[in-house]
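The values are calculated or read from the model by the stated rules, or taken from the named source; none is laboratory data. Remember, it's a predicted structure, so these values are computed and weren't measured experimentally. Note: ideal-geometry Cβ built from the backbone for every residue, glycine included; neighbour counts use all protein chains shown.
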């Protein structure tokens, strides 16, 4: 049984820097076809979910690099939600800086409210992996 905290083993891939997007996609499709919950036999929803999470982590070169770094450090990384407070702080500073520049240049207007909502949405969508799981609930 593959370890669910190692996205490479979940997809049956070697931990190698030379993996391409096509390699990861092919592994994902193979597992998804065999385990999808919509199959006549019911599939394997737990394994499908783990494979989907692993694919989300490894589908880009950046994600593969982060996962390799997590493996090298011996941490469980994003899939177990250990958190990275430095990245979260950087995201907070970026969102605050963009928001401040927009409000200073355009004043308080509907457009600035839209940019603020976009910055908060970006922060929520990208920052959730930077918060340790035990703090998320």
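The residues in the stretch 1-46 that are assigned to a helix (DSSP H, G or I) and surrounded by fewer than 18 Cβ atoms within 10 Å (Cβ to Cβ) can be counted, and the count is 13.
Suppose the filter is out of contact with any strand residue (DSSP E or B) (no Cβ under 8 Å at 6 or more places or on another chain), at pLDDT 90 or above and assigned to a helix (DSSP H, G or I); does residue 53 pass it?
Answer is no for this residue.
Tell me, please, whether a residue that is in contact with a helix residue (DSSP H, G or I) (Cβ under 6 Å, 6 or more places away or on another chain) and at pLDDT 85 or above can be found in the stretch 80-88. No, the stretch 80-88 has no match at all.
One residue stands out in the stretch 56-79 among those that are outside any helix (DSSP H, G or I) and in contact with a helix residue (DSSP H, G or I) (Cβ under 8 Å, 6 or more places away or on another chain): the one that is modelled with the lowest pLDDT, namely 76. Applying the condition of being touching a helix residue (DSSP H, G or I) at 6+ places or on another chain (Cβ under 8 Å) and farther than 15 Å from residue 91 by Cβ to the stretch 117-137 and asking which residue is modelled with the highest pLDDT yields 133.
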